[in-house]
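See below for the structure under consideration.
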Amino acid sequence: MAFFDELTKKVQDVAFLATEKAQEVAAVAGEKANNVAERAKTEYAIAAEKRSIDKNYRAIGEWYLSTIDEAPEAVADIVAAIRASQAKIAELEASRPSKEEPVVEAEAVEVKVCPNCGETVSSKFCPKCGTEV
């Protein structure tokens, strides 16, 4: 019986070590998952701040463009490109068709009578009996 007692003790020791290792692995995996989550939150916050900056830059640019008649030489090309784009947009909006749906006239549909069952048919085959019309 001593053999079985010793074997049982060894199996218990191995099981205990395996449990400890599993707990260590789980702890490391949990820590890595937390790090990834924190990194994702930080990246999202950075992206949100960059969008905010871009929005503010755009507001400053729109304000600046609305307050000047003639742009300084350093930005004259950019201002000219913006004004050309604004003119093109206005031109396209003026030539845009109205939002109302166009009225489409219905095509004349040839109505036939099925020679087999007498059903009115508007296609090559009768929908009721399948006979070719």
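Screening the candidates I82, I53, I60 for the property of being in contact (Cβ under 8 Å) with a residue 12 or more places away in the chain, out of contact with any Asp or Glu (no Cβ under 8 Å at 6 or more places or on another chain) and either open to solvent by 100 Å² or more (accessible area, probe 1.4 Å) or assigned to a helix (DSSP H, G or I) (or both) yields one hit, I82. The one condition from (1) in contact with a Cys (Cβ under 9 Å, 6 or more places away or on another chain); (2) open to solvent by 60 Å² or more (accessible area, probe 1.4 Å) that C117 does not meet is (2).
Restricting attention to region 1-52, the residues that are more than 23 Å from the chain's Cα centre (by Cα) and either among the acidic types (D, E) or within 30 Å of I82 (Cβ to Cβ) (or both) add up to 7.
The values are calculated or read from the model by the stated rules, or taken from the named source; none is laboratory data. From a predicted model like this one, the values you see are computed outputs, not experimental measurements. FYI the Cβ positions are ideal-geometry reconstructions off the backbone, even for glycines, and counts take in every protein chain you see. Keep in mind that these areas ignore ligands, DNA and RNA; they rest on the heavy atoms of the full protein, side chains included. Shrake-Rupley method; radii C 1.70, N 1.55, O 1.52, S 1.80 Å.
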